[in-house]
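> This structure is in structure tokens; I'll ask about it shortly.
The values are calculated or read from the model by the stated rules, or taken from the named source; none is laboratory data. Everything quoted here is computed from the prediction, not taken from an experiment. Note that we place each Cβ from the backbone using ideal geometry, even for glycine, and neighbour counts take in every protein chain shown. Quick note on the areas: whole protein, heavy atoms, side chains included, nothing else; ligands and nucleic acids left out. Shrake-Rupley method; radii C 1.70, N 1.55, O 1.52, S 1.80 Å.
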Amino acid sequence: MAEWLTGIEGTEAGHTLALALALLAALLHAVFGALQKGRHDPWLSRGAIDFSYGMMAAPFALFVVPWPEPHMWPIFGWVFLIHLGYKISQGYTYTKGAYTVVYPVVRGTGPLFTVIGAGLLFGETFTLVQWLGVAVLLAGIFGLARYNLIHWELDRDTLKPALALAVLTGAFVALYTTYDAYGIRATANPFTFLAWFFFIDGLTVMPWLAAARWASMTHRPAPGPLLLRGLTGGFVAFFSFGAIMLATRLDQVGEAAVLRETSTVFAALIGWLLLGEKVGPRRLALMGLIAAGAVIVEMGG
């Protein structure tokens with residue numbers, strides 16, 4: 001599998017597969033966000049998810065894939081720190097804001113920074129039409145943020161901090177997308193990067209922070225449903241993150257990052273159908289504008 005993937009890098013087949021993987025990552029990331037934001041405390045959900053995918057990745061990292069080359073260990077160190085910053089900012093974002101309010105801002109802010117970072121790090125360039133797509137996407141993002149500032153009533157006192165944290169989280173999304181793309185390209189076997197990322201990232205900080213938070217609660221949630229949510233989220237994380245990382249190795253990092261932001265449409269549907277959050281035609285149209293920007297980027301490439 002690894003030889004086949006590396007063999008189609010930079011080809012039309014690789015581009016097509018990267019497109020499919022980015023769209024799969026979009027759907028699964030919306031599901032992942034809903035799992036973290038859902039019925040349980042976001043910190044507890046994230047800890048359970050991380051622990052699950054860390055345990056699942058352990059046998060693959062230790063016994064299946066080739067061990068990382070020596071130059072990969074400093075890369076994994078930076079990857080861990082970047083993802084830790086992302087998780088902390090994401091946890092505070094989900095604590096202060098409704099899912100359908102903060103999620104589009106988080107996922108929509110990231111592509112702009114990612115496109116710039118990919119240009120600096122990998123020498124990628126966008127056409128004029130693709131930059132138009134980015135502009136459409138950003139219009140949807142900031143239009144949605146402005147609409148929420150005016151009309152959203154739930155958690156009104158924390159709305160502005162939630163939106164500010166959402167922008168910060170989006171910056172971390174761009175940072176980890178770009179740097180992880182560098183990391184997965186720096187090793188001969190892409191599955192080595194994925195297995196060791198999940199192994200290191202999953203079993204280090206977040207499960208222990210979540211356990212401490214759970215122990216300090218007066219009314220502790222039952223561990224069974226929480227662990228089941230973590231197991232489900234672990235599987236979703238494998239395919240969501242794995243798909244987008246493979247897409248960035250097969251094709252342009254910027255295009256893959258922008259296409260993933262069609263997740264805002266899936267997030268709106270999930271928030272409406274499963275979390276009971278009202279979306280409304282105007283907010284849905286603005287989310288659709290974000291997705292339209294991503295489509296224009298792909299068509300203009």
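> Any residue in the stretch 80-96 that is over 25 Å from residue 245 (Cα atoms), touching a Phe, Trp or Tyr at 6+ places or on another chain (Cβ under 8 Å) and either part of a helix (DSSP H, G or I) or free of Cβ contacts under 8 Å to residues at least 24 places away in the same chain (or both)?
Yes, the stretch 80-96 has at least one match.
> Run residue 66 past the list (1) of a type outside the set (A, V, I, L, M, F, W, C); (2) in contact (Cβ under 8 Å) with a residue 24 or more places away in the chain; (3) under 29 Å from residue 170 (Cα atoms); (4) open to solvent by 60 Å² or more (accessible area, probe 1.4 Å) and report the number of the one that doesn't hold.
Going through (1) of a type outside the set (A, V, I, L, M, F, W, C); (2) in contact (Cβ under 8 Å) with a residue 24 or more places away in the chain; (3) under 29 Å from residue 170 (Cα atoms); (4) open to solvent by 60 Å² or more (accessible area, probe 1.4 Å) one by one, residue 66 breaks only (3).
> Taking only pairs six or more apart or across chains, which ones have beta-carbon atoms under 7 Å, a first residue in the stretch 110-132 that is under 20 Å from residue 26 (Cβ atoms), and a second residue that is of a type in the set (Phe, Trp, Tyr) and surrounded by 15 or more Cβ atoms within 10 Å (Cβ to Cβ)?
Listed by first residue and then by second, the contacts come to 115/126.
Every residue, every condition in (1) in contact (Cβ under 8 Å) with a residue 60 or more places away in the chain; (2) within 14 Å of the chain's Cα centre (by Cα), yes or no:
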site	(1), (2)
218	no, no
242	no, yes
248	yes, yes
264	yes, yes
271	yes, no
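> Please indicate, with yes or no, whether at least one residue in the stretch 78-85 is farther than 17 Å from residue 50 by Cα, open to solvent by 50 Å² or more (accessible area, probe 1.4 Å) and more than 16 Å from the chain's Cα centre (by Cα).
yes
> Among the candidates 18, 26, 57, which residue alone is touching a residue at least 40 places away in the same chain (Cβ under 8 Å) and either assigned to a loop (DSSP other than H, G, I, E, B) or touching a Phe, Trp or Tyr at 6+ places or on another chain (Cβ under 6 Å) (or both)?
Answer to the check: 57.
> If a residue has to be open to solvent by less than 10 Å² (accessible area, probe 1.4 Å), modelled with pLDDT of 75 or more and among the small types (Gly, Ala, Ser) to count, how many in the stretch 99-146 make the cut?
4
> Here is a further query. Do we find that residue 49 is within 24 Å of residue 249 (Cα to Cα) and at pLDDT 85 or above in this structure?
So residue 49 does not fit the description; no.
> Please return the ranges of helices (runs of 4 or more DSSP H) entirely within the stretch 164-264 where 3 or more residues are surrounded by fewer than 23 Cβ atoms within 10 Å (Cβ to Cβ).
190-202, 206-216, 223-250
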